[in-house]
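Working notes for the structure below.
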Ligand SMILES: [Zn+2]
Ligand SMILES: [Zn+2]
């Protein structure tokens, strides 16, 4: 599991210019913030690097030169936008105009966010400089091109076999390829980025959309170098191994067309197995915008709330195949009605009752009746289903499936009423509580990928030591007699009034 921050994106250079800093300063400032937020949110990587490393430059140069030698990269003169007012070439995102495909007025020089199509600056209708608003001139400049056209039919054949891809990813990619592939310039007249390993190009850089995707490979190589076996990266890129690319939908063409074309041209490395791109998440019904503060900032969220309720909502409401919305009202409702009332309450009522009535130990069960066996079978089945759904990147269904097991266990306990039977049939009470504990232990593992903090807490409450991961990805039942820890609630109820308070922060801009 490797990832990293792209250090060469144009938003970085634009912000650096605005703040009078170097792009490197801005990039590393964000890199640190990302790392802290991931960590607090329970997201871990084997390596989270950046594209500003000597290793990444080396790997990029190798791919560039190999493709150049094989004829998949060639030199040509291209007309590049030049702002007569700012006296500089304008890299793709420094130029804006009307999309020739969907006529959105705010298309950028590299891509239209509205229809998702990659663009060349020259295709824009009514182009303008983003810095000063002037109409750019187009001036000739020598650049390198990636010969995407050479891969068109090969890519189409390959993509048509990827029937396990999400329909939105598959359809977008197929439509795109059927429209034909144009060769694209992969260098720019800029001074921030990976250098061009060819003489005479000292003032130019490899453009970010060619170089950033190489980050997956360079990160794996960097990770391997940190182990005892520098060649270990091969076990993730060659032979019988599947690679998954988790991205947002605006990145689909770079991962299903450009990167696969580069890999095909380079040779000997695996193509992506799955590119489970998410659609967009809106906030309170509107598109996110950092400049309008239409956002929920992670450091701010984490200063006031636990990570798991957010992870829960983002998982169960994930925009897997269509856009979905985040609202604070929904956040509080899901926390209170689902995490607290369904799952948290199940765990808390079972563990507090057992702790008080069975000397703080997992009860010793009697013979299991058919409804107990049915529930335990259901738990095993649920675990296998969740496993299969996660494997196929159906995360929404996976967490829903786990939550419905919690509901079913609540119904089982309502039927068995161990809190009543303990008065006249202690063994019956012990049996149903033992079954419930076994299912709870199953849930703690099945939900661990989604709710790692509460799962870890539950793991300890159930008397296990170490981390949830130590017990493996399987349904583990605590043994009868296992000592429990004094229970404490997994989740806390949130005041519904918070919804209005939090919603009013969204879009509030300090003057
Ligand atoms: Zn468009
Ligand atoms: Zn300008």
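Just so you know, in region 121-130 the residues that are free of Cβ contacts under 8 Å to residues at least 60 places away in the same chain and touching a helix residue (DSSP H, G or I) at 6+ places or on another chain (Cβ under 7 Å) include one that is surrounded by the most Cβ atoms within 10 Å (Cβ to Cβ), and it is 121.
Evaluate the following for residue 100: is it in contact with a strand residue (DSSP E or B) (Cβ under 7 Å, 6 or more places away or on another chain) and within 10 Å of ligand 1 (Cβ to nearest atom)?
Details: in contact with a strand residue (DSSP E or B) (Cβ under 7 Å, 6 or more places away or on another chain): yes; within 10 Å of ligand 1 (Cβ to nearest atom): yes.
The answer is yes for residue 100.
The listed residues are 385, 342, and the only one of them that is assigned to a helix (DSSP H, G or I), closer than 16 Å to residue 316 by Cβ and free of Cβ contacts under 8 Å to residues at least 60 places away in the same chain turns out to be 385. Hey, does region 106-118 have a residue that's touching a helix residue (DSSP H, G or I) at 6+ places or on another chain (Cβ under 6 Å), within 16 Å of ligand 1 (Cβ to nearest atom) and free of Cβ contacts under 8 Å to residues at least 40 places away in the same chain? Scanning region 106-118, I find at least one residue that is touching a helix residue (DSSP H, G or I) at 6+ places or on another chain (Cβ under 6 Å), within 16 Å of ligand 1 (Cβ to nearest atom) and free of Cβ contacts under 8 Å to residues at least 40 places away in the same chain, so the answer is yes.
Would you confirm whether any residue within region 471-492 is assigned to a helix (DSSP H, G or I), under 28 Å from residue 381 (Cβ atoms) and modelled with pLDDT under 95? Within region 471-492, one or more residues are assigned to a helix (DSSP H, G or I), under 28 Å from residue 381 (Cβ atoms) and modelled with pLDDT under 95.
Can you find a residue in region 167-183 that is in contact with a strand residue (DSSP E or B) (Cβ under 6 Å, 6 or more places away or on another chain) and surrounded by fewer than 22 Cβ atoms within 10 Å (Cβ to Cβ)? Steps first, please.
Keep residues of region 167-183 that are in contact with a strand residue (DSSP E or B) (Cβ under 6 Å, 6 or more places away or on another chain), which gives 183.
Cutting the leftovers down to surrounded by fewer than 22 Cβ atoms within 10 Å (Cβ to Cβ) gives us 183.
So far as region 167-183 goes, yes, one or more of its residues are in contact with a strand residue (DSSP E or B) (Cβ under 6 Å, 6 or more places away or on another chain) and surrounded by fewer than 22 Cβ atoms within 10 Å (Cβ to Cβ).
Within region 119-172, restricting attention to residues that are within 25 Å of residue 68 (Cα to Cα) and over 33 Å from the mean Cα position of the chain (by Cα), the residue that is farthest from ligand 1 (Cβ to nearest atom) is 142.
Okay, residues lined up against (1) under 24 Å from residue 313 (Cβ atoms); (2) in contact (Cβ under 8 Å) with a residue 24 or more places away in the chain:
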| site | (1), (2) |
| --- | --- |
| 392 | yes, yes |
| 403 | yes, yes |
| 407 | yes, yes |
| 421 | no, no |
| 439 | yes, yes |
| 448 | yes, no |
| 457 | yes, yes |
| 474 | no, yes |
| 477 | no, yes |
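Considering only region 108-118, state which residues are touching a strand residue (DSSP E or B) at 6+ places or on another chain (Cβ under 6 Å) and either at pLDDT 95 or above or more than 16 Å from ligand 2 (Cβ to nearest atom) (or both). If the condition is that a residue be touching a strand residue (DSSP E or B) at 6+ places or on another chain (Cβ under 6 Å) and either at pLDDT 95 or above or more than 16 Å from ligand 2 (Cβ to nearest atom) (or both), then 111, 118 are the ones that fit.
If you go through region 1-39 and keep only what is within 14 Å of the chain's Cα centre (by Cα) and not in a helix (DSSP H, G or I), you end up with 1, 2, 3, 4, 5.
Of all residues in region 243-268, those that are under 20 Å from residue 4 (Cα atoms) and not in a helix (DSSP H, G or I) total 6. Take the residues in region 66-96 that are assigned to a helix (DSSP H, G or I) and within 16 Å of ligand 2 (Cβ to nearest atom), then tell me which one is nearest to residue 258 (Cα to Cα). Ranking the qualifying residues of region 66-96, first place goes to 92.
Only a single criterion out of (1) within 30 Å of residue 180 (Cβ to Cβ); (2) touching a helix residue (DSSP H, G or I) at 6+ places or on another chain (Cβ under 6 Å); (3) in a helix (DSSP H, G or I) is not satisfied by residue 271, namely (3).
The values are calculated or read from the model by the stated rules, or taken from the named source; none is laboratory data. Note that the structure is predicted; figures quoted are calculated from it, not measured. Every residue, glycine as well, gets a Cβ built from its backbone with ideal geometry; the counts of neighbours run over all protein chains shown.
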